[in-house]
Amino acid sequence: MGVKRPVVALGIDAASVGLLETWIEQGQLPALAALRARSSRAHLRGGDAYRAETPWTCFLTGCEPEQTGYWTMLRFSPGDYGVEDVGAYDFSEYAPFYALGESYRVAAFDLPQSRLSAGVNGVQVISWGAHSPLAPRGSQPAELLAEIESAFGRHPALLRDEATLWRPHECKRLERWLGEGIERRGKICEHLLQRERWDLFLTAFGESHSAGHHLWHRGREHPLASRIERDGGDPVLRTYQAIDRAIAGIQAAAPADAYTVVFTTEGMETNCMDLPSLVFLPELLYRLSFPDGFGLGGDGSGDLSEPEIPARGWVPAMWSTQAGSTRLRRFVRKQLPSVLSYPIDRLWRARPTSPLPPHTAGKLSYQPAMWYRHLWPQMKAFALPSFSEGYVRLNIKGREAAGVVDAADYDAVCSELAAEIAALTDSRSGKAIVREVRRTRHSALDDDPRLPDADLVVRWMPPVTDTVDSRTCGRIGPLPYYRSGGHTEQAFMWVAGPGVEAGVQLPDGRPTSLPPTLLALLGAPIPSQMRHPPLI
């Protein structure tokens with residue numbers, strides 16, 4: 001495009017493309033409507049496995065997870081069956097795409113899953129208010145974060161941007177925090193844009209991600225929606241409207257000749273992944289390894305009464321579904337605070353092959369897969385903790401410290417497990433809930449360090465359900481629902497600015513198409529490791 005012009009890139013984290021389009025048509029988002037009207041546009045489609053873990057790393061590096069080896073922040077250790085939270089990608093092999101050296105001035109404010117990079121000539125702020133930042137708070141220069149928080153305040157929802165879907169007061173508090181955070185983010189971005197004419201300015205509204213996960217049910221269909229307070233309109237819409245106002249202010253502060261790029265790296269829809277990955281899959285694999293045992297979700301014969309709305313949070317409500325619980329044990333687990341219920345719960349003797357209480361999993365106590373971890377060495381296969389798809393690890397002799405499956409049997413066991421998992425059905429409708437069970441290795445001996453920890457990745461599909469039937473292990477559930485919004489691989493990019501033709505549909509791309517596109521707009525060189533060409 002010849003002349004060097006500034007680029008302002010604004011991420012709307014985990015935005016629903018369908019909702020954006022609908023609300024723009026209704027006149028609810030005037031700033032975004034005006035920007036879209038003068039944009040060239042592209043549909044993006046992210047990876048259909050590890051959807052929640054990889055999109056931002058793909059954006060930051062311009063590389064697919066097969067290149068970086070970064071599939072999730074949780075790393076499994078076959079030596080001790082441990083699970084370590086490694087945080088954000090370390091960028092040691094592939095630097096952030098905006099680490100452009102001295103030739104370009106860059107401002108990168110609060111991008112999810114990023115780290116400070118020495119190659120950035122400009123300013124960086126990490127973990128001011130991003131959803132799931134995965135890295136320590138900091139800035140470059142070092143004093144910038146404190147300066148910003150002194151002038152504009154901290155983000156009220158940092159590291160606490162969640163709400164229990166059946167607790168209206170928590171949902172209202174979250175919406176308030178997100179709105180305050182969006183307003184402050186907008187003002188900070190305006191301030192940074194007025195400080196200097198940046199070659200590249202980047203930020204992302206993580207608030208849309210949090211609203212999608214935890215407030216989705218209050219304006220859309222969900223199995224619990226009719227039984228939960230829904231007055232006061234749509235909090236997800238109000239969150240997007242706050243983002244729209246902030247973008248209007250950012251555009252007014254940006255150089256008049258700048259390219260503006262609005263994008264998301266993943267989408268949002270009604271959640272059909274949480275219970276299957278968090279609970280159904282770990283429990284199924286547990287029952288397959290211990291045929292006479294039942295862990296979570298009852299004894300295999302649960303009735304199909306209406307979904308329960310628990311008195312407490314999701315973790316104690318889930319723990320109360322352990323098979324064999326007496327009425328007194330269920331009361332203790334569901335009604336008493338954790339500081340009382342867990343010590344009391346220890347007084348009851350459990351079978352050696354029973355899941356352990358949530359608090360034994362430490363920081364990952366909210367991941368029911370970890371409640372089975374002490375049993376993994378005895379199991380043929382087990383579910384790794386997950387935030388999206390289901391991840392199955394086989395317990396292979398010679399690979400895992402206490403492996404029980406011969407490497408020669410790898411293909412057969414993978415096929416057997418895939419068939420058992422694929423046969424899961426929604427107990428209420430009888431419909432299948434598994435879209436695909438995908439293998440990640442040709443054999444148990446594939447030891448490429450860039451491969452994911454899982455041997456099988458399970459992709460789920462609607463219907464959204466709280467209980468499933470297994471042809472071998474009986475019924476699992478009903479169980480309490482978790483987050484009401486979940487991820488989809490549908491994403492988008494809009495580009496507006498000098499010389500950009502309005503209304504043009506650009507070629508389809510991937511989240512990894514965004515960095516080369518931004519670099520092309522900037523007139524910067526595109527690194528050879530970026531496999532996808534610019535979209536404009």
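Tabulated results
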| read-out | value |
| --- | --- |
| Helix runs (DSSP H) in the chain reaching 15 Å along axis by Cα, Kyte-Doolittle at least -1.0 | 235-253, 410-422 |
| Net charge over other residues, Cβ less than 14 angstrom from the Cβ of residue 470 (K, R count +1; D, E count -1) | -3 |
| Difference of contour (0.36 nm per residue) and Cα-Cα distance, residue 360 to residue 419 | 18.0 nm |
| Region 1-50: C-alpha gyration tensor shape, a/c 1.5 cut-off, then a/b vs b/c | oblate |
| Neighbour cut-off at most 14 other Cβ (10 Å), DSSP loop, GluC sites (Glu not before Pro), region 177-257 | 196, 221, 229 |
| Top positive-direction residue, dipole computed over the chain with Cβ charges, set 240, 169, 443 | 169 |
| Cα-based shape type of region 228-290, given that a ≥ b ≥ c are square roots of the gyration tensor eigenvalues and the cut on a/c is 1.5 | oblate |
| Label of the coordinate-derived value, volume of the Cα convex hull per residue in Å³, listed as (1) 160; (2) 188; (3) 148 | (3) |
| Order of 363, 172 under a 10 Å beta carbon neighbour criterion, fewest first | 363, 172 |
| Per-pair calculated FRET efficiency, R0 = 41 Å: residue 197 and residue 21 via Cβ, rounded to 0.05 | 0.80 |
| Under 25 Å between alpha carbons - lysine pairs in the chain that sit 8 or more apart or on different chains | 4 |
| Efficiency of FRET from Cβ geometry, residue 43 and residue 402, R₀ 56 Å, rounded to 0.05 | 0.75 |
| Residues 360, 264, 72, 467 arranged by fewest to most Cβ contacts within 10 Å | 360, 467, 72, 264 |
| Positive minus negative residues near residue 130 (Lys, Arg vs Asp, Glu; Cβ under 9 Å) | -2 |
| Fully extended contour minus Cα-Cα distance, from residue 438 to residue 531, at 0.36 nm per residue | 31.1 nm |
| DSSP bridge pairs, the chain: antiparallel proportion in percent, nearest 5 | 65 |
| Gain upon complete extension [residue 374, residue 33; 0.36 nm per residue less C-alpha separation] | 117.5 nm |
| Inter-centroid distance (Cα atoms) of region 463-524 relative to region 124-187, Å | 23 |
| Per-pair calculated FRET efficiency, R0 = 35 Å: residue 429 and residue 84 via Cβ, rounded to 0.05 | 0.35 |
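Any read-out appearing in this document is the output of simple, stated calculations on the displayed coordinates, not a laboratory observation. Predicted, not measured: the structure shown is a model, and the values here were computed from it. Neighbour counts run over all protein chains shown; Cβ positions are idealised from the backbone, glycine included.
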